[in-house]
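Shown next, in structure tokens, is the structure this report addresses.
The values are calculated or read from the model by the stated rules, or taken from the named source; none is laboratory data. On a predicted model such as this, the values are computed, not experimentally measured, just so you know. Positions of Cβ are generated from backbone atoms using ideal geometry, with glycine treated the same way; all protein chains shown enter the neighbour counts. The protein model used for the area step is the full one, side chains on, heavy atoms only, and it has no ligands, DNA or RNA in it. Shrake-Rupley method; radii C 1.70, N 1.55, O 1.52, S 1.80 Å.
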Amino acid sequence: METSSTSLKRLKFGKLKVVRRRLLQRYEHQPFISCLAGLYSCRWKRYQRRRTEPGKCCCKLRECLFFPLLVGAFCLSLVFLYMCCEAKNDYNNFDWYNYGNLGFWFLWSLVLLIVSAVLFVYIALLLVLAMCLIAEGQQLYLHWSHKIGTLVVLGFSVTSLFVISLLWGEQWQTVRLSFQITAPYLHIGAITLMVFLAWPVALHAVRADRKVVQVIIVGPYLAILLFLFLIPLGMYSPCIREMGTLGPKPALIGHRGAPMLAPENTEMSFQKTIEHGGDGLETDVTISYDGVPFLMHDSTLKRTTNIKEVYPNDTDKNAAFFSWDTLQELNAGTWFLKDKPFACMGSLSRADQEQAMNQSIYTLRSFLRLADSHNKLVIFDLYRPPVKHPYRNLWINRTLEVILKEAKIRPHLVLWLAGGRSFVQSVAPGFQQTKGSKAPLEELWMENIVKLNLPYTQMCSEDIRKYAEANITTNLYVVSEPWLYSLAWCSGAHSVTTNAVHILNNLSQPLFLMTPQQYNVMWILTDLTSLLLISLIFALHWWRERTFSCCANDGDSMLDSGTYNKFRTELSDIPTSVA
């Protein structure tokens, strides 16, 4: 009798914990949890894992210290992946920079995007597994191999962001501009994520045995949620505007022609721009050693010609030191089919491939005559010849001679961007004077500037509107992605220089365009729906916890010898990791 009484007291002392575990066990989906624990901890067998004790931390101290590293790796890899995706507009510049340093062409930008995507998916999967385990009340234990993987992702993301900030800091301007398009959708995504996180947060907050612990769990969550609810108040996008206020579609100027469809700066490239409805042509002009202006962007010929095959000893020689007769011997198209300079080029027809293989270096005179015959604007960078070049001091004069006397293009089609502005205005007053940087209106008026040619990172709807009111139009370069073109359209840009005339010309309206009223409805509905779902999740966990407690209290008054034997049987059946 005495032994039975002692056993009964022990049972009463631990009965609440046993009952709660037994009731919670009903909700445990054993195959699902085994899969989660196996992927996250490499613990596939049930006896290898432990449930979180009610009121206790979800993991041991060592795991608690490492978990912020996992979250940090996720956040930084997400930032880097987002930057890589939004920097797609400048992939060609990135690859061109690497070509200049490495000496061979490769799509490094595509490799970087794939690596960043793979690492992000890996770290995101680990975080999702951790959240699912926490939601199921399981203790966290990250396997050592995953810990190494987390540190690798963290180190790669930090290093990559540092290098990009150091070498291509302007990409942060691209990210800033992208928020004007993606911010509403990122807001919805963040709110959705907070709804999913409400389940594990509510579970552990309700189970916490102290108010301080509950505040520590719920406080940061509610603070972040409130911030996300209110952040649309600080959002700005020129594409959120009243109906009927959108300006005309920006004109398209082919950047070195259509370099995604044909070898850059060749006749075929400019013909493709014209075929796809381009409004203007952009190029780069160099003067040969015997005074023939020709089209070439690089200082050397090795990237866009077969100079290595024809003159292997002159691959690093400045292009301006070759005579025109020598330049005519080179092929300017085979490299295009071999290197494929753009990842999204697509396949060329057999006729286009044959035409590309037979392209040669194009002269400025032929370029201007082509533009004039199709009534297309022209804009070009004029490179001053290097020292010891016979046309070092006559470069502008020689170029003007070709424009005015040899090509005889109509002056109003020329957007003059090069130097010698006062001299050029005296001999060719019909040129449209174009400046490559922002300046006060008084200075622009003094120079008779009618157009600004600005990098897209300097896009500002207020400045564009201010200059437009002074009859100064704005051209942005190089804009090749539809989202960036949409933003330029909403900002009021009059034209853009682009690598993708064939893509942008098909856009009938900006990709993202809504009225302030539509945006407010979307914002308010998102916040209210998420608030309702989060409240229901917290209420569900509170109800479940209260129900378990009531069941345990009822067990105290109904305990008899039959219940005692039943509990003894159930207790012996419970795995040792739980009991």
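Among the residues of the stretch 260-274, those identified as in a loop (DSSP other than H, G, I, E, B) and either in contact with a Phe, Trp or Tyr (Cβ under 7 Å, 6 or more places away or on another chain) or not charged (D, E, K, R) (or both) are Met260, Leu261, Ala262, Pro263, Asn265, Thr266.
Taking the stretch 294-328 as the search range and keeping residues that are under 30 Å from Ala251 (Cα atoms) and out of contact with any Asp or Glu (no Cβ under 9 Å at 6 or more places or on another chain), which one is least open to solvent (accessible area, probe 1.4 Å)? Among residues in the stretch 294-328 that are under 30 Å from Ala251 (Cα atoms) and out of contact with any Asp or Glu (no Cβ under 9 Å at 6 or more places or on another chain), the one least open to solvent (accessible area, probe 1.4 Å) is Phe294. Only residues that are part of a loop (DSSP other than H, G, I, E, B) and open to solvent by less than 20 Å² (accessible area, probe 1.4 Å): list them for the stretch 224-241, please. Ser237, Pro238, Cys239, listed by residue number.
Where residues in the stretch 426-449 are of a type in the set (S, T, N, Q) and either touching a helix residue (DSSP H, G or I) at 6+ places or on another chain (Cβ under 9 Å) or without any contact (Cβ under 8 Å) to a residue 40 or more places away in the chain (or both), which of them is nearest to Tyr477 (Cα to Cα)?
For the stretch 426-449, the residue satisfying everything is Ser437.
Evaluate the stretch 201-211: report whether one residue or more is at pLDDT 90 or above, closer than 26 Å to Leu78 by Cα and in contact with a helix residue (DSSP H, G or I) (Cβ under 8 Å, 6 or more places away or on another chain). Scanning the stretch 201-211 turns up no residue that is at pLDDT 90 or above, closer than 26 Å to Leu78 by Cα and in contact with a helix residue (DSSP H, G or I) (Cβ under 8 Å, 6 or more places away or on another chain). State whether one or more residues within the stretch 270-292 are of a type in the set (S, T, N, Q), in contact (Cβ under 8 Å) with a residue 12 or more places away in the chain and more than 30 Å from Ser349 (Cβ to Cβ). Yes, the stretch 270-292 contains a residue that is of a type in the set (S, T, N, Q), in contact (Cβ under 8 Å) with a residue 12 or more places away in the chain and more than 30 Å from Ser349 (Cβ to Cβ). Exactly one residue out of Asn448, Asn471, Asn453 is closer than 20 Å to Ala251 by Cβ and part of a loop (DSSP other than H, G, I, E, B): that is Asn471. Each residue in the stretch 353-402 was checked for being of a type outside the set (Phe, Trp, Tyr), open to solvent by less than 30 Å² (accessible area, probe 1.4 Å) and outside any loop (DSSP other than H, G, I, E, B), and 13 of them qualify. Determine whether Ala130 is in contact (Cβ under 8 Å) with a residue 40 or more places away in the chain, open to solvent by 20 Å² or more (accessible area, probe 1.4 Å) and in contact with a Leu (Cβ under 7 Å, 6 or more places away or on another chain). Against the criterion (in contact (Cβ under 8 Å) with a residue 40 or more places away in the chain, open to solvent by 20 Å² or more (accessible area, probe 1.4 Å) and in contact with a Leu (Cβ under 7 Å, 6 or more places away or on another chain)), Ala130 does not qualify.
The condition of being in a loop (DSSP other than H, G, I, E, B), touching an Asp or Glu at 6+ places or on another chain (Cβ under 7 Å) and either at pLDDT 95 or above or open to solvent by 40 Å² or more (accessible area, probe 1.4 Å) (or both) holds for only one of Gly346, Gly257, that being Gly257.
Helices (runs of 4 or more DSSP H) fully within the stretch 487-576 that include at least 2 residues being at pLDDT 75 or above and open to solvent by 50 Å² or more (accessible area, probe 1.4 Å): 516-557. Among the residues of the stretch 403-435, the ones that are open to solvent by 60 Å² or more (accessible area, probe 1.4 Å) and either assigned to a loop (DSSP other than H, G, I, E, B) or not hydrophobic (A, V, I, L, M, F, W, C) (or both) come to 7 in all.
Between Ser422, Ser366, the distinction of being small (Gly, Ala, Ser) and modelled with pLDDT of 95 or more belongs to Ser366 only. Taking the listed residues Ala319, Ala262, the one that is modelled with pLDDT of 95 or more, within 30 Å of Leu511 (Cβ to Cβ) and among the small types (Gly, Ala, Ser) is Ala262, with no other qualifying.
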